[in-house]
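This report refers to the structure that appears directly beneath it.
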Amino acid sequence: MAAEPVNVNEFQELARQALPKMYYDYYSGGAEDQHTLKENVDAFHRFKILPRVLVDISRIDLSTTVLGYKISAPIMIAPTAMHKLAHPEGEVATARAAAACNTIMILSYMSTCTVEEVAASCKAIRFFQVYVYQRRDITANLVQRAERCGYKAIVLTVDTPRLGRREADIKNKMVAPQLKNFKGLISTKVSSDDGSNLEAFANNTFDASLSWKDIGWLRSITNLPLLIKGVLTCEDAIKAVEVGVDGIVVSNHGARQLDYSPATISVLEEVVHAVKGKVPVFFDGGIRRGTDVFKALALGAQAVLIGRPAVYGLAAKGEYGVKWVIETLKDELELTMALSGCPTVKDISRNHVRTKHEALHSML
């Protein structure tokens, strides 16, 4: 019998073994040269942790609040599409794992289980991620269904006016399954002889005209708080605050959209500074260790989102695998906090991390 994994990275290989090549490539791949995909993870290596000693760490409290909801740790499940490609129970298994770990799952607009199925599967705080389609009535329908089912926030992904060029999906002629959320509204079956059927579907349906003025439209169809996901610059962060969003997710879409965009950890701090505490800033991209979570929190994130690690856990071991991934990251974060002299999440400060540039500067 194979040995139990000891860290989150080991689940990627288990997922590769468990999945058909087309689906593994879909989940693991990035855009074009996959430069940003590699950088999302590697950029964490450039931040060193500065531990403080002789602090009473006999009790460590990982808990925090997101939009007023208390969760067990600042680690949430990012919106990722089509979980049934990873496991027969799909998003229902992921939702149950998030509920068991007392954290928030953001359900993807492109989920293979319906908004209602996931809501009925367990008691938990859930958010719902949306894209805006050319047919606004479809987006409105999904948002209003999510609100009726007790989802607590809407997360608008803003970095996808068109789908990024994911070459593995083109080579594999990636086929998207019919998505149950859209039954009776739109067909997700698109014939594309020369590449990814998913890309053809997205480019036929996503609203490329979406702009800042449309935030008002989204606000008008729901009473839920609105987060925007996909911000990488201080200019866009300032604009987001001006149009009245309730939170920002610093994200480059798991490096699946614009290659050579910056690694998210490298721009997190400038977004945090631009926002000036007016709204919470969340972080997405490249989290593989509890030390990564710690670094993101030290640079000003209120919580982090994990995407691929959760999907790899789901592919390898279903609901148990997703739980294992979350709990392992929590255990590693707890140990990092203990060894850094931080009894609570609020104790993690900018003084606990240093960049290579700052280290050089201090030597001058």
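The values are calculated or read from the model by the stated rules, or taken from the named source; none is laboratory data. Keep in mind that what you see is a predicted model, and the values were worked out from it rather than measured. Cβ placement follows ideal geometry from the backbone for every residue including glycine, while neighbour counts extend to all protein chains displayed. Accessible surface is based on the protein model in full, side chains and every heavy atom, while ligands, DNA and RNA are left aside. Shrake-Rupley method; radii C 1.70, N 1.55, O 1.52, S 1.80 Å.
Collect residues whose amide H, placed 1.01 Å from N in the peptide plane, falls under 5 Å from the amide H of LEU179; neighbours closer than 5 in sequence don't count.
Placed amide hydrogens put THR188 under 5 Å from LEU179.
For segment 255-260, take each phi angle, set θ = phi - 60°, evaluate the Karplus expression 6.51 cos²θ - 1.76 cosθ + 1.60, and give the result in whole Hz per residue in order, putting x for glycine and proline.
Result, ordered by residue: 6, 9, 10, 9, 5, 6 Hz.
Roll a 1.4 angstrom probe over the protein heavy atoms and tell me the percent of accessible area of segment 46-102 that is carbon or sulfur.
C and S fraction of accessible area: 52 percent.
Counting Lys and Arg as +1 and Asp and Glu as -1, each charge on the Cβ, what is the dipole of the chain about the Cα centre in debye, to the nearest 20? Could you put the intermediate results ahead of the total?
Working: 43 positive and 40 negative charges, 112 e Å.
Dipole about the Cα centre, nearest 20: 540 debye.
Give the dimensionless ratio obtained when the Cα radius of gyration of segment 2-100 is divided by 2.2 N^0.38 Å. Provide the component values of the computation, followed by the final result.
Working: Rg = 17.7 Å, N = 99, 2.2 N^0.38 = 12.6 Å.
Relative to the rule-of-thumb radius for its length, segment 2-100 sits at 1.41.
Which whole-Hz ³J(HN,Hα) couplings does segment 69-85 yield from phi under the Karplus relation 6.51 cos²θ - 1.76 cosθ + 1.60, θ = phi - 60°, glycine and proline marked x?
9, 7, 10, 6, 7, x, 10, 10, 8, 6, x, 9, 7, 6, 5, 5, 5
Taking all protein chains in place and a 1.4 Å probe, what share, in percent, of the accessible surface of segment 103-164 do carbon and sulfur account for?
For segment 103-164, the apolar C and S fraction of the accessible surface comes to 50 percent.
Taking 7 Å along the Cα-to-C-beta vector as the label spot, tell me the GLN144-SER211 distance in nanometres, rounded to one decimal.
2.7 nm
Could you work out how far helix 90-100 tilts from the main Cα principal axis of the chain, as a 0 to 90 degree angle to the nearest 10?
Long axis of 90-100 versus the principal axis of the chain: about 30 degrees.
For the chain, what number results from the quotient of the Cα radius of gyration and 2.2 N^0.38 Å?
On the way: Rg = 19.7 Å, N = 364, 2.2 N^0.38 = 20.7 Å.
Taking N as the residue count of the chain, the ratio is 0.95.
Net charge around ALA95, counting only other residues with Cβ within less than 11 Å of its Cβ (Lys, Arg = +1; Asp, Glu = -1)?
Taking every Cβ under 11 Å from that of ALA95, the sum is -1.
State in Å² the accessible area per residue of the chain; use a 1.4 Å probe, count heavy atoms of protein chains only, and round to the nearest integer.
Values: 15680 Å² over 364 residues.
I get 43 Å² per residue for this part.
Quick one: net charge of LYS152's neighbours, Cβ under 15 Å, K/R +1, D/E -1?
+3
Treat every Asp and Glu Cβ in segment 81-173 as -1 and every Lys and Arg Cβ as +1, leave all other atoms uncharged, and give the resulting dipole magnitude about the Cα centre to the nearest 20 debye. Show your work: numbers first, answer last.
Numbers: 14 positive and 9 negative charges, 33 e Å.
Once rounded to the nearest 20, the dipole reads 160 debye.
Mind grabbing the accessible area of LYS48 for me, 1.4 Å probe, Å², rounded to tens?
120 Å²
Quick query: amide H of VAL249 versus all other amide H atoms, modeled in the peptide plane; which residues come in under 5 Å with a sequence gap of 5 or more or a different chain?
ILE228, LYS229, GLY230, VAL231, PHE282
THR80: net charge of surrounding residues, Cβ under 11 Å, Lys/Arg +1, Asp/Glu -1, itself excluded?
Combined, the nearby Lys, Arg, Asp and Glu give 0.
Quote the accessible area belonging to ARG350 in square angstrom, nearest 10, computed with a 1.4 Å probe and with ligands, DNA and RNA left uncounted.
Only protein atoms counted, so the area is about 70 Å².
Strictly over 29 Å apart at the Cα level, which of LYS70/LYS180; LYS180/LYS317; LYS180/LYS323; LYS84/LYS239; LYS152/LYS295 would you flag in this model?
Pairs exceeding the cut-off: LYS70/LYS180; LYS84/LYS239.
What residue among THR205, THR112, THR103 shows peak mean-square fluctuation when the chain is described by a Gaussian network model with Cα springs under 10 Å?
In the Gaussian network model the winner is THR205.
Rank TRP324, TRP212 by accessible area, highest first, at a 1.4 Å probe radius?
Ranked from most to least accessible, the order is TRP212, TRP324.
For MET76, what residues show an amide H to amide H distance below 5 Å, using hydrogens built from the backbone and excluding near sequence neighbours?
Correct list: VAL304, LEU305, ILE306.
Heavy atoms only, probe 1.4 angstrom, no DNA, RNA or ligands counted: give me SER340, SER349 ranked by accessible area, highest first.
SER349, SER340
By how many nm would the segment from LYS38 to ALA120 grow when fully extended, if each residue of separation counts as 0.36 nm and the alpha-carbon distance is taken off?
25.8 nm
Compute, for ASP33, the solvent-accessible surface of its heavy atoms (probe 1.4 Å) with the complete set of protein chains present, and express it in square angstrom to the nearest 10.
The value for ASP33 is about 110 Å².
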